[in-house]
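The values are calculated or read from the model by the stated rules, or taken from the named source; none is laboratory data. Predicted, not measured: the structure shown is a model, and the values here were computed from it. Here the Cβ positions follow ideal geometry from the backbone for every residue, glycine too, while neighbour counts run over all protein chains shown.
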């Protein structure tokens, strides 16, 4: 009887192997050969799942977003307004090893998205989704009287998203995680 292969599980194994390599050695070390070796597969076994490193990084980026969005949804159940917005930010900020490794996947993807229209579109759709979530939480916070600043919500949402993405970069380059958390907390005090 032929061996039954769970293709989705295999893809996730390859993504996780990619994360481990990038976390240890950086994105340039994540060659198809190294990923196959890390995952315990023959080099040619990757081709049916990811014909190139670019397709693997795009899948890894999508997987990071899905994981982040799932964490956000679970953590903010029953919350609204500023409480939900803080949770949203906490789940994106690279404040632990897992989220720092996710940032190490996202940053090389951004570099590729600059030159690749499909990846650029994926990035834009993802950021539009996050911006809409931020705006929804800000709207709730205004209704609840938690946000009183005269700055318009679209401007706040853009600034907050820029801060979150910038924090990923600075964390990867060794910024103190406690300082990143403190700056985020300070930002929330400006909204009142």
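Some values worked out for this structure:
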read-out	value
Residue check for residue 121: over 26 Å from residue 53 (Cβ atoms), part of a helix (DSSP H, G or I) and at pLDDT 90 or above	no
Conditions (1) more than 26 Å from residue 178 (Cβ to Cβ); (2) modelled with pLDDT of 85 or more; (3) in a helix (DSSP H, G or I); (4) touching a helix residue (DSSP H, G or I) at 6+ places or on another chain (Cβ under 6 Å): number failed by residue 57	(2)
Given (1) more than 13 Å from residue 161 (Cβ to Cβ); (2) in contact with a helix residue (DSSP H, G or I) (Cβ under 7 Å, 6 or more places away or on another chain); (3) modelled with pLDDT of 95 or more, number of the condition residue 112 does not satisfy	(3)
Qualifying residues in the range 100-118 (those that are more than 14 Å from the chain's Cα centre (by Cα) and surrounded by 15 or more Cβ atoms within 10 Å (Cβ to Cβ)) - the one farthest from residue 21 (Cα to Cα)	116
Any chance residue 34 is more than 30 Å from residue 163 (Cβ to Cβ), in contact with a helix residue (DSSP H, G or I) (Cβ under 7 Å, 6 or more places away or on another chain) and in contact (Cβ under 8 Å) with a residue 12 or more places away in the chain	yes
